[in-house]
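The values are calculated or read from the model by the stated rules, or taken from the named source; none is laboratory data. The shown structure was predicted, so the numbers you read here are calculated from the model rather than taken from an experiment. Glycine gets a Cβ as well: all are built from the backbone with ideal geometry, and neighbour counts include every protein chain shown. Protein only, heavy atoms only, side chains kept; ligands, DNA and RNA dropped before computing areas. Shrake-Rupley method; radii C 1.70, N 1.55, O 1.52, S 1.80 Å.
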Amino acid sequence: DDDEAVLTGDWKQSSANGGFVGSGYRHDDKGATGAASAAFIGKLPAAGTYAVRLTVVPNANRSRNALIRIEHAEGVAEIRADLTGQGASDGLLPLGTFRFQAGPAKVTVSNAGAKGYVLIDAVNWQAR
């Protein structure tokens, strides 16, 4: 949940749109105050392959090119994600499947180079 993420920069809390995890979500106000990032760190119970999914709260004003960094066993994957809700199922946007070691796993969402609202809510790792 975004309440447990390590935040850098200015994030505004909101609950204006439904479908979020916990008490709400945060957004970067379209980058109005500069660079912002949020690191989600999960604790994986076992080494293996996991599908990584990002919780999205759909809206047409969301960024279509938010920067996502996934640190996994083979290195770092950087992708641009569409946060409008396109491609999401049950509020979860698939980011890919990666191999992880047991223990801490990190996914960072950033507004670097993004247009529109970058929103953070939660990251989900699902064992495959």
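Some values worked out for this structure:
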quantity	calculated
Matching residues, the stretch 3-25, being under 18 Å from residue 69 (Cα atoms) and in a strand (DSSP E or B)	6, 7, 8
Criterion: modelled with pLDDT of 95 or more and over 17 Å from residue 41 (Cβ atoms) - qualifying residue of 58, 104, 94	94
Enumeration of residues in the stretch 71-128 that are of a type in the set (Ser, Thr, Tyr) and without any contact (Cβ under 8 Å) to a residue 40 or more places away in the chain	84, 89
Of all residues making up the stretch 112-128, the number that are in a loop (DSSP other than H, G, I, E, B) and under 14 Å from residue 2 (Cβ atoms)	3
Subset of the stretch 1-30 (residues that are open to solvent by 80 Å² or more (accessible area, probe 1.4 Å), without any contact (Cβ under 8 Å) to a residue 24 or more places away in the chain and more than 20 Å from residue 124 (Cβ to Cβ))	13, 16
